[in-house]
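One structure below.
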Amino acid sequence: MRILSGIQPSGSLHLGNYFGMMKRMVDYQENNELFCFLVNYHALTSVFDASFLRRQTYEAACDFLALGLDPDKSVFWVQADVPEVTELTWLLANVTGMGLLERSHSFKDKIAKDIPASHGLFSYPVLMAADILLYGAEKVPVGKDQKQHLEIARDIALRFNSTYGETFVVPEPDIEDDLATVPGLDGQKMSKSYGNAIEIFIDEKTLKKKVMSMKTDSTPVEEPKPVQGNPLYDIYALFLDDKGKAALKERFLTPGLRYGDIKKEIFGVIWEYFEPFRKERARLAADRQFVVDTMKMGAGKARAVATVYLEKARHNVGLDYWNK
Ligand code: ADP
Ligand code: TRP
C-alpha cells in the first residue's frame, strides 16, 4: 500500500509529532511503499524568517533519519524540491468550494493564535490535498487534528474526478483513535507553535527542566489522582504497553502518589527511550552533505511519481492545447 504523510519544519519536532505521526511512519516502512516529506511550502504560512526555516528543515531531516526513516527503502524528501506540487494546487483550487475552506477549524485556530490570516493560510488545505493526490497516496497517517484536512483532500479528489474524469486516488485517513492528542507542558495540545512542546532531541538538563515544569492539578497527595485528561498520565502512558498502563493507572488511583516523583520518572523514560537514536542524530547533524544529498535523492524519486500524476491532470483539464 502507498502510505504518505508530511510534517511542517516550522519548529523542533516533539513528542506529539513523534507518537502522532513519525513513529507510525517509521513502523510502516517495513511492509509498505512509504512517502514521507518535510512540508516547507506549508511552513511559509507561519514562518517569516528564512534562516530559521532553513535550519528547521535541516534539523527535521536529521530527526527523521536518526529515528530510523530509511531513505533507500522509502521516499523521503523536502516538499519544495518538487515544485510541481504548486502547479497541482492551482488545478485543484478551481474545484475547491470556498465553503469547504471557510469551515476549516485549523484556519480559525491559527488566526486565533495570531498567525496572519493570509491567502496562503486560507488555501493551506488545497496545497495539502495536492501533496497527497500528486503521489497517488492511498493511506495518510496523521494525528486527530488533521482529520478535517483529510476530509477536504478527499472532497477535492472526488470533485476533480467527477468534473474531469478519473484522475486521482481518493485517499483514506489513518488516525489512531485511541491515541489521544499528546498534551503539552500546559495541558493544551502539544504544538511547535504554542511554546509548550517537549522536543525529541533536547539536552538532558533542558528536558528535565521542561518535564518538572509540567502543569498539574491541585489534588492533595493523600487523595487519588485523576487519570482522565491528566497530562502526566497521558505523557507517561505513551511509553508503556497495556500492562504498564494498567499499573500506572492503579498508582494514580492509590492515595499518596506525588506528582513530583512521577515527573522524575517521566523524565527518565523519555531520556532512555530516545537514547539509542541520539548518537546517530549527532552524526547526521555534523554531516550536512550526506543529509542534503539524501534529501535530493529522495526528491528525484518523488518527482518521478509526481510528473505522471501532474501530466495526467494537465491533460484532463485541457492545458495541453497542442493535442486535439
Ligand atoms: P505542530 O502542531 O506541532 O505544528 P504539525 O501540525 O506539523 O504539528 O503536525 C505534524 C504531525 O504531527 C501531524 O500528523 C499531527 O497530527 C501530529 N501531531 C502534532 N501535534 C500532535 C499532538 N499533540 N498529538 C498527536 N499528534 C500530533
Ligand atoms: N497539515 C499537516 C500538519 O500540519 C502537514 C501536511 C502537509 C501533511 N501536507 C501533508 C500531512 C500531506 C499529510 C499529508 O500536520
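Points worth noting:
- Over segment 161-228, the alpha carbon radius of gyration divided by the compact-protein estimate 2.2 N^0.38 Å works out to 1.84.
- Average silhouette area of the chain, convex hull of alpha-carbon atoms, in square nanometres: 18.0 nm²
- The chain, relative contact order [Cα under 8 Å, separation at least 6], %: 23 percent
- Loop sites in segment 45-115: trypsin sites (Lys or Arg not before Pro), DSSP, at most 14 other Cβ within 10 Å: Lys73, Arg103, Lys113
- As a fraction of the 1.4 Å probe accessible area of the chain, surface on carbon and sulfur atoms comes out at 52 percent.
- Computed on protein heavy atoms with a 1.4 Å probe, the accessible areas place Arg314, Arg281 in the order Arg314, Arg281, largest first.
- Listed residues Phe107, Phe168, Phe48 arranged by accessible area, highest first, probe 1.4 Å: Phe48, Phe107, Phe168
- In terms of packing, defined here as the mean over residues of other Cβ atoms within 10 angstrom, the peptides 158-164, 79-85 line up highest first as 79-85, 158-164.
- Classified by the C-alpha gyration tensor, segment 204-273 has an oblate form. Its axis ratio a/c, with a ≥ b ≥ c, is 1.5 or above, and a/b does not exceed b/c.
- Dividing the summed -39500 (n - 2.57) terms of all DSSP H runs of n ≥ 4 by the residue count of the chain sets its mean residue ellipticity at 222 nm at -15500 deg cm²/dmol.
- Global form of segment 276-324, assessed from the alpha-carbon gyration tensor, a/c cut-off 1.5: prolate
- Sorted largest first by accessible area at a 1.4 angstrom probe radius, with every protein chain in place, the residues Trp77, Trp90 fall in the order Trp90, Trp77.
- Rounded tilt (10° steps) of 259-273 against the dominant C-alpha axis of the chain: 50 degrees
The values are calculated or read from the model by the stated rules, or taken from the named source; none is laboratory data. Since we're looking at a predicted model, the values are computed, not measured. Please note: Cβ atoms are built from the backbone with ideal geometry, for glycine as well, and neighbour counts cover all protein chains shown. What goes into the accessible areas is simple: the full protein's heavy atoms, side chains included, and nothing from ligands, DNA or RNA. Shrake-Rupley method; radii C 1.70, N 1.55, O 1.52, S 1.80 Å.
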